[in-house]
């Protein structure tokens, strides 16, 4: 029977038990972020790269609460609109000493936050050459995902729906095509709103799910973090179990033989 | 601002003593240019003690213009958008190179600026060296850290800056003029006047 240990999530040469990756944005405090991370069971967490406020550097730091010894830190390039900015952000992130894993996002549109596919591919080429393990946020486009895989990205991260929208998986058929052809992990990134969406992604065969707002924005973030942990587990197990094909008409569950006449 | 006959005379005497720095004047308050009523009415806060120079060269004893105290004060105030300088002292500086030499006025004083303008972080002078000779060595330089001006000692390194900001033990990364500085090189990377320094860390994000 597959359990968490016999079915690890392998990303960039490392094994993880959890298939849930969570973002650390939008929490009221570092302590809340930590509690949500614990409740979700996530082992990989995303962080953003920003300027230190030099007039008031503050006493506390995010990584004091989420120690890199415990969590794999995945810096993102959120807010970058050009390949150049994204590359620069990744170089800085690596220098800050949390490894070479980066979540590459090059945004192409302010309102939808959809990725700029061409710029993402351009940045990925440079970053892979520089030794980064690149996890690109990308549209649910099988061709774009293929290109990114060919470049040498460590995974592809198609979106389910716009970032923070909570709309769930808008195009499960594209995702299926992407999953069928990918030889690197497929991680659904963005658009998950609730536990069933996460379960659906895993049921489709995605290797993992990345989310932030769905947990951080829930009325009870800790409870939603736990719900997501269970949903991801359930979805994965359902995928491995192999679901029955969907049929239009009924099939009786009870035997017809021995019916009382 | 009229500097007066005394200042002129002192300058002539000072000019006869080559290579020296001679105090020639102290002024209570200096305001080199008129400011708008709005600015004059807003509360002034100290931007610290700063330094500025105005220099002209001479050749075979013939001066090519005279340095201006006003200009030196303006240079001292410019980086912090000051409008007033108080307790100003003026030195006359004369580096000489054979038949060629410089004559500079160096002013020091406390710069006052309207509240809300940019902030000087340390209470010592930050000279703007305009048209200044080699013989003049600034004691501090100004760099931009995350787009904010900051005064550091001349010769200070990235390691000094990081320590001064209290960021030593943090997980940060530093760029100087858009090139990443590896942590191992912090101590060997000297900051120069006008360097653009970027310091980042990790914050919550998705």
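Worth pointing out:
- Matching residues in the stretch B:151-206 - criterion: being facing chain A (nearest Cβ under 7 Å) and within 22 Å of residue B:50 (Cβ to Cβ): B:165
- Qualifying residue in the stretch A:197-220 (condition: surrounded by fewer than 18 Cβ atoms within 10 Å (Cβ to Cβ) and part of a helix (DSSP H, G or I)): no
- The stretch A:79-107: number of residues that are away from chain B (no Cβ under 13 Å), in contact with a helix residue (DSSP H, G or I) (Cβ under 7 Å, 6 or more places away or on another chain) and farther than 16 Å from residue B:171 by Cβ: 5
- Sole residue being closer than 19 Å to residue B:147 by Cβ and in contact (Cβ under 8 Å) with a residue 40 or more places away in the chain, chosen from A:74, A:92, A:66, A:101: A:92
- Flag if residue B:116 is more than 30 Å from residue B:91 (Cα to Cα), touching a helix residue (DSSP H, G or I) at 6+ places or on another chain (Cβ under 9 Å), at pLDDT below 90 and within 14 Å of another protein chain (Cβ to nearest Cβ): no
Table: residues versus (1) free of Cβ contacts under 8 Å to residues at least 12 places away in the same chain; (2) part of a loop (DSSP other than H, G, I, E, B); (3) more than 30 Å from residue B:149 (Cβ to Cβ); (4) facing chain B (nearest Cβ under 8 Å).
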position	(1), (2), (3), (4)
A:15	yes, no, yes, no
A:18	no, yes, yes, no
A:21	no, no, yes, no
A:26	no, yes, yes, yes
A:34	no, no, yes, no
A:42	no, yes, yes, no
A:47	no, no, no, yes
A:50	yes, no, no, yes
A:54	yes, yes, no, yes
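- Taken as a whole, the structure leaves residue A:258 outside the set of residues that are within 15 Å of the chain's Cα centre (by Cα) and surrounded by fewer than 21 Cβ atoms within 10 Å (Cβ to Cβ).
- The stretch A:60-78, residues that are part of a loop (DSSP other than H, G, I, E, B), within 11 Å of chain B (Cβ to nearest Cβ) and either within 23 Å of residue A:16 (Cα to Cα) or in contact with a strand residue (DSSP E or B) (Cβ under 7 Å, 6 or more places away or on another chain) (or both): A:61, A:66, A:67, A:68, A:77, A:78
- For the residues B:83, B:73, the requirement of being under 28 Å from residue B:150 (Cβ atoms) and modelled with pLDDT under 85 singles out B:83.
- Test result for residue A:153, in contact with a strand residue (DSSP E or B) (Cβ under 7 Å, 6 or more places away or on another chain), surrounded by 20 or more Cβ atoms within 10 Å (Cβ to Cβ) and either within 14 Å of another protein chain (Cβ to nearest Cβ) or not in a helix (DSSP H, G or I) (or both): yes
- Residue in the stretch A:1-12 that is assigned to a strand (DSSP E or B) and touching a strand residue (DSSP E or B) at 6+ places or on another chain (Cβ under 7 Å) present: yes
- When the stretch B:161-179 is filtered for residues that are touching a residue at least 24 places away in the same chain (Cβ under 8 Å) and part of a helix (DSSP H, G or I), the ones remaining, listed by number, are B:161, B:162.
- For the stretch B:171-198, the set of residues classified as touching a strand residue (DSSP E or B) at 6+ places or on another chain (Cβ under 6 Å) and within 16 Å of residue A:96 (Cβ to Cβ) consists of B:172, B:173, B:174, B:175, B:176, B:181, B:197, B:198, listed by residue number.
- For residue A:110, the conditions (1) buried (at least 18 other Cβ atoms within 10 Å of the Cβ); (2) part of a loop (DSSP other than H, G, I, E, B); (3) away from chain B (no Cβ under 12 Å) all hold with the exception of (1).
The values are calculated or read from the model by the stated rules, or taken from the named source; none is laboratory data. Being a predicted model, the structure only gives us computed values, none of them experimental. Here Cβ is always computed from backbone atoms with ideal geometry, including for glycine, and neighbour counts include all displayed protein chains.
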